[in-house]
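Single-structure report; data block below.
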Amino acid sequence: MDYQTRLLPTREALERVSGEFGNAESLVCVEMILLLLNTANRFRAEVFGDLERRHGLTEGKLILLMALSDNPKGLLTGELAKRVGVSMATVSVMVKRMLAAEQPLIVVTTPEEDARARLVKLSPAGKAAIRDILPYHLAQIEAFSRKLDDSQRHTLIELLKQLS
């Protein structure tokens, strides 16, 4: 996926707009959200973009694999969709595409108790991919976060929790 950071409006432009349509508080709120979105997009471009280039693994596929890694017995597609944060239709497409890969990272079975359901699990190749990719991916996340010291990272975590 091609994530792009945006050229943010100048402080003067934000002040003009907030003066015309809002107030001083809206200026700070808009600036905060724009910076948060730009940071998220930059993170996606640098960390997930690199992951996709090096390993052919998109953000969505990694999140799906991590959800399955946390649930070794597998997840029904509905639960998987909730864990990944996408619709059932989207997870169905993701699963179909991942199964079509030369070496699928997942396997799908039908539980005995419900022939309509689909249970998704990591394949042996999926388990190996997680073991191979995760140390590199975690190092990338750490490198991105190094601009902040430990205290700042903990403060940011607490602040973001308040917005979640």
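The heavy atoms of residue 28 offer some 90 square angstrom of accessible surface to a 1.4 angstrom probe. For the range 66-119, the set of trypsin sites (Lys or Arg not before Pro) satisfying both a DSSP loop assignment and a count of at most 16 other C-beta atoms within 10 Å is given as 73, 116. At a Förster radius of 25 Å, what calculated FRET efficiency corresponds to the Cβ-Cβ distance of residue 8 and residue 52, to the nearest 0.05? That gives a FRET efficiency of 0.45. Adding -39500 (n - 2.57) for every DSSP H run of four residues or longer, then dividing by how many residues the chain holds, sets the calculated 222 nm ellipticity at -20500 deg cm²/dmol.
For residue 118, the residues 5 or more places off, or on other chains, whose built amide H falls under 5 Å of its own are 77.
More than 17 Å apart: what percent of Cα pairs in the range 23-78 qualify?
On the way: 893 of 1540 pairs.
Looking at the range 23-78, the distances longer than 17 Å represent 58 percent of pairs.
For the range 69-164, the Kirkwood estimate of the hydrodynamic radius, built from every pair of different alpha carbons, is 15.9 Å. To the nearest 0.05, how large is the calculated FRET efficiency for residue 134 and residue 114 if R₀ is 35 Å and r is the Cβ-Cβ distance? Given R0 = 35 Å and the Cβ-Cβ separation, E is 0.65. Compactness ratio for the chain: Cα radius of gyration over 2.2 N^0.38 Å (N = residue count) comes to 1.32.
Can you work out the accessible area per residue across the chain, with the rest of the protein chains kept in place, probe 1.4 Å, in square angstrom?
It amounts to 68 Å² per residue over the chain.
Only aspartates and glutamates eight or more places from residue 61 in sequence, or on another chain, were considered; those with a Cα closer than 16 Å are 2, 50, 52, 70, 79, 102, 132.
Which pairs, out of 96/121; 121/147; 96/161; 73/161, put more than 25 Å between their alpha-carbon atoms? Pairs exceeding the cut-off: 121/147; 96/161; 73/161. Between 34, 64, 14, the GNM of the chain built on Cα springs shorter than 10 angstrom shows 14 fluctuating the most.
Between the range 108-130 and the range 7-65, the alpha-carbon centres lie 35 Å apart.
The magnitude of the dipole of the range 37-164, with charges of +1 and -1 set on the Cβ of Lys/Arg and Asp/Glu and taken from the Cα centre, is near 220 debye.
Identify the GluC sites (Glu not before Pro) of the range 85-164 meeting these criteria: DSSP loop state and at most 16 other C-beta atoms within 10 Å of the C-beta. Each step should come with its number before you reach the end.
Details: sites: 102, 112, 113, 142, 158; in loops: 102, 112, 113.
For GluC sites (Glu not before Pro) across the range 85-164 that sit outside H, G, I, E and B with at most 16 neighbouring Cβ atoms in 10 Å, the list reads 102, 112, 113.
The values are calculated or read from the model by the stated rules, or taken from the named source; none is laboratory data. Since we're looking at a predicted model, the values are computed, not measured. Neighbour counts run over all protein chains shown; Cβ positions are idealised from the backbone, glycine included. Ligands, DNA and RNA are stripped out before the accessible areas are found, and what is left, the full protein with its side chains, is counted by its heavy atoms. Shrake-Rupley method; radii C 1.70, N 1.55, O 1.52, S 1.80 Å.
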